[in-house]
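The values are calculated or read from the model by the stated rules, or taken from the named source; none is laboratory data. As the structure is a computational prediction, the values presented were derived from the model and not from experiment. Cβ placement follows ideal geometry from the backbone for every residue including glycine, while neighbour counts extend to all protein chains displayed. For accessibility, only protein heavy atoms count, side chains too; no ligands or nucleic acids. Shrake-Rupley method; radii C 1.70, N 1.55, O 1.52, S 1.80 Å.
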Amino acid sequence: MDFEKFVFKVEYPNHCIYCEGLDLSIENPKHHPSYEITTKCNLNCIYCYSRVALLNETAPKPGYYGDLNPKAVTVSQYGEPLLAGVERVAEIIEALRERFGDIRVDLQTNGTIDFTELDGLIDIAMISLDVSNAESYKKITGSDRFYEVIENVEKALDMDCIVTVRSVHLPGINDEELVELAERLGEIGVDEHFIQPCSIYEECLGDLRRMGFDVERAESLYEYLRVVYECGEFVKAVIPGCIKVVLNEVLKQLDDIGDLKFVRRNALARNPPQIRRNRRFEI
Ligand code: SF4
């Protein structure tokens, strides 16, 4: 498929289904409801909003944030939920299902901890991984756990859930590595490679720049989509639903796909990261 066709056809991941971000008529769409377990993490990723939220004291307390009739709940948006112990996470998911009935449960994890005990309890395993080798992994996360993550992605493929690997595109840092990673993910058979454009907080910019991060390219929708396109040769590469719906609108206004090069996005996040949903209860 050529680039132009890909840009029109690229899909969003299963995780985005039911998100307000898909509805352009909603002025300030909120992210999915989530159950927050801990703000702690065993990694220290250079771009992480959770780390920035801790610094700004805007990180959420444990508990459920959202409507009382959700269709999908993410566990969790902040920190690494599995640090609380897989049994504790299972207990929380079971309680959420008991309370809300037939919901979709998306586990968001850095993949460093085996979660196969959650088989049958989660619908989507979203595992974060931004690079294709242990050396780069150490630079980005401060940790030596690259091979554990790969192993846990492979184990997740035997579970009864959709396996999505989630990567952040960091132009100047991981352009080629994302494509190498996509090749590996395609070989092992992950369901989706969810590639997000970066949203960078001021607190992270210095470290990122030292690693070669290119702010100008980070603001180019074209540069981002080129990388997703290259990954799409090997694996089902998908983009955030909230970007897909905006992209559809942009494409309606362009005479030539080459004009995408002139479309800029704001890569620098302005507000401190925080959950915009009400905290309802704690399990
Ligand atoms: S990426 Fe966008 S559309 Fe998808 S779940 Fe997040 S906010 Fe919603």
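Quick look at the numbers
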quantity	calculated
Any chance Val250 is over 20 Å from the mean Cα position of the chain (by Cα) and of a type in the set (Val, Ile, Thr)	yes
Failed criterion for Pro273 (all others in (1) surrounded by 14 or more Cβ atoms within 10 Å (Cβ to Cβ); (2) not in a loop (DSSP other than H, G, I, E, B) hold)	(2)
Unmet criterion (only one of (1) open to solvent by 20 Å² or more (accessible area, probe 1.4 Å); (2) within 16 Å of the ligand (Cβ to nearest atom); (3) not small (Gly, Ala, Ser)) for His169	(1)
Residue within segment 93-106 that is in contact (Cβ under 8 Å) with a residue 12 or more places away in the chain and under 26 Å from Val228 (Cβ atoms) present	yes
Restricting segment 1-23 to residues that are within 11 Å of the ligand (Cβ to nearest atom) and not in a helix (DSSP H, G or I), the residue that is most open to solvent (accessible area, probe 1.4 Å)	Tyr18
Subset tally (residues that are within 13 Å of the ligand (Cβ to nearest atom) and closer than 22 Å to Val165 by Cα) for segment 199-246	9
Hey, Ile162 open to solvent by 20 Å² or more (accessible area, probe 1.4 Å), among the aliphatic types (A, V, I, L, M) and out of contact with any Pro (no Cβ under 8 Å at 6 or more places or on another chain) or not	yes
Any hit, segment 178-201, residues being modelled with pLDDT under 95 and open to solvent by less than 10 Å² (accessible area, probe 1.4 Å)	yes
Filter result (surrounded by fewer than 20 Cβ atoms within 10 Å (Cβ to Cβ) and either assigned to a loop (DSSP other than H, G, I, E, B) or modelled with pLDDT of 90 or more (or both)) within segment 46-69	Glu57, Thr58, Lys61, Pro62, Gly63, Asp67, Leu68, Asn69
Looking only at segment 247-270, and only at residues there that are within 14 Å of the ligand (Cβ to nearest atom) and more than 30 Å from Tyr64 (Cβ to Cβ), the one that is surrounded by the most Cβ atoms within 10 Å (Cβ to Cβ)	Leu247
Where a residue in segment 238-262 is in contact (Cβ under 8 Å) with a residue 12 or more places away in the chain and outside any helix (DSSP H, G or I) and its partner, wherever it lies, is among the acidic types (Asp, Glu) and surrounded by 19 or more Cβ atoms within 10 Å (Cβ to Cβ), with Cβ under 7 Å and at least six apart	Val238/Glu192
Glu117 vs. criteria in contact with a helix residue (DSSP H, G or I) (Cβ under 6 Å, 6 or more places away or on another chain), open to solvent by 10 Å² or more (accessible area, probe 1.4 Å) and in a helix (DSSP H, G or I)	yes
The lone exception for Asp130 - which of (1) in contact (Cβ under 8 Å) with a residue 24 or more places away in the chain; (2) farther than 14 Å from Ile46 by Cβ; (3) acidic (Asp, Glu) it fails	(2)
